[in-house]
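A short worksheet on the structure shown next.
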Amino acid sequence: SARGSYSNNIRFYDSQLHRQETQENYIVSHMHQALQSGEFRLYLQPKIDLSTDTLGGAEALVRWITEEGTMLFPDQFIPLFEGNGFCARLDLYMVERACCQIREWIDLGIKPVGISVNQSKLLFFERSYIPSLRALIAKYDIPANLITLEILEGLALKNIEELNAQIKVLQEIGFCVSMDDFGSGYSSLNTLARLHIDELKLDRGFLLESSSGKSDRSRIIMEQIVQLSKRLGISTVIEGIETSEHDRLSKSLGCDFGQGYYYSRPVSAAEFNLKYMGYDAADPDTD
Ligand code: C2E
Ligand code: MG
Ligand code: MG
Ligand code: MG
């Protein structure tokens, strides 16, 4: 009956809610221990140099493999960690994993590629941020220019002068600074003109639109952003390259780098090393 299905819907809704609440509880009550015991894993997605079709770098993307072996994705816990402040610690931990991976390449005599790490706004303006980054670079004895710090355009909404000052300090140490997901929110060309970033990542929304009916408009906008960036000395990355058409389009626009499932999904550091760096370090103690 209508009434029966109504109550079924209510029950369904309740159990969804309950499941989400339980997962949030699990996440918040296990996060510290998970960090301690290495449950947050470094996954890497290749960044392809579009002028040569070779590996140009990698982006660090966190995966949480719980003690029961469940893989949790960033969308499931990063928003919670941004709410409770834990994100700053996790982001620094990911910078450390990236530094450690670069050190391993250097020790093995392999030419290292740069690694980009996502940084939450919580961390970016912490007083201890710069000293922490300096300490990591010193500990692993790696050149800072192999680490790119990715920030979101939302940071520029606040105070561009303050943000530029912080970016300048990071660049003086040698870090690269990249603006992630450009075009997904309140981005403006004004932001692009005023922010002294090294790299701009065009949100995958542009490619999604380019495959839909609005293809011409999206293509024109992307072309202009790439050209403008070039003239400002900012390198460009197109995100979300899923097809050979996306690949061709990105190349025809003159974009420097591409990232997306067409080249590779994010993979574990061990798989990345096997596929792209030419060695098998699958070690049950470390992975
Ligand atoms: P992001 O930094 O923009 O990373 C790109 C996201 O797009 C990744 O999702 C990646 O797996 C996905 N992606 C890559 N290529 C394609 C494609 O061709 N098609 C589609 N549909 N998706 C693609 P992921 O790994 O789930 O991460 C989601 C977001 O979570 C990231 O977006 C980033 O904002 C955040 N995040 C990930 N790791 C960290 C971290 O360590 N710290 C912080 N603060 N945020 C992180
Ligand atoms: Mg990113
Ligand atoms: Mg992005
Ligand atoms: Mg994103």
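When the residues of the range 159-208 are filtered to those that are open to solvent by 60 Å² or more (accessible area, probe 1.4 Å) and within 16 Å of ligand 4 (Cβ to nearest atom), which remaining residue is modelled with the lowest pLDDT?
Tyr186
Just to be sure, is Arg97 of a type in the set (D, E, K, R), open to solvent by less than 40 Å² (accessible area, probe 1.4 Å) and under 22 Å from Asn273 (Cα atoms)?
Criteria not met by Arg97.
Is it true that Phe182 is of a type in the set (A, V, I, L, M, F, W, C), farther than 21 Å from Leu42 by Cβ and within 16 Å of ligand 2 (Cβ to nearest atom)?
yes
Here are Leu55, Leu108, Leu72, Leu90: which of them is under 14 Å from Ala34 (Cβ atoms), more than 16 Å from ligand 2 (Cβ to nearest atom), modelled with pLDDT of 95 or more and of a type in the set (A, V, I, L, M)?
Leu72
Given the conditions (1) in contact with a helix residue (DSSP H, G or I) (Cβ under 9 Å, 6 or more places away or on another chain); (2) away from ligand 4 (no atom under 16 Å from the Cβ); (3) among the aliphatic types (A, V, I, L, M); (4) without any contact (Cβ under 8 Å) to a residue 40 or more places away in the chain, and given that Ile147 satisfies all but one, which numbered condition is not satisfied?
(4)
Could you grab me the full set of residues in the range 102-132 that are touching a helix residue (DSSP H, G or I) at 6+ places or on another chain (Cβ under 7 Å) and part of a helix (DSSP H, G or I)?
Result: Ile102, Arg103, Lys121, Leu122, Leu123, Phe124, Tyr129, Ile130, Ser132.
Those residues that are β-branched (Val, Ile, Thr) and part of a helix (DSSP H, G or I), I need them from the range 160-197; list them, please.
Within the range 160-197, Ile160, Ile167, Val169, Ile173, Thr191 qualify.
The values are calculated or read from the model by the stated rules, or taken from the named source; none is laboratory data. The structure displayed is predicted, hence computed values, not measured ones. FYI the Cβ positions are ideal-geometry reconstructions off the backbone, even for glycines, and counts take in every protein chain you see. Ligands, DNA and RNA are stripped out before the accessible areas are found, and what is left, the full protein with its side chains, is counted by its heavy atoms. Shrake-Rupley method; radii C 1.70, N 1.55, O 1.52, S 1.80 Å.
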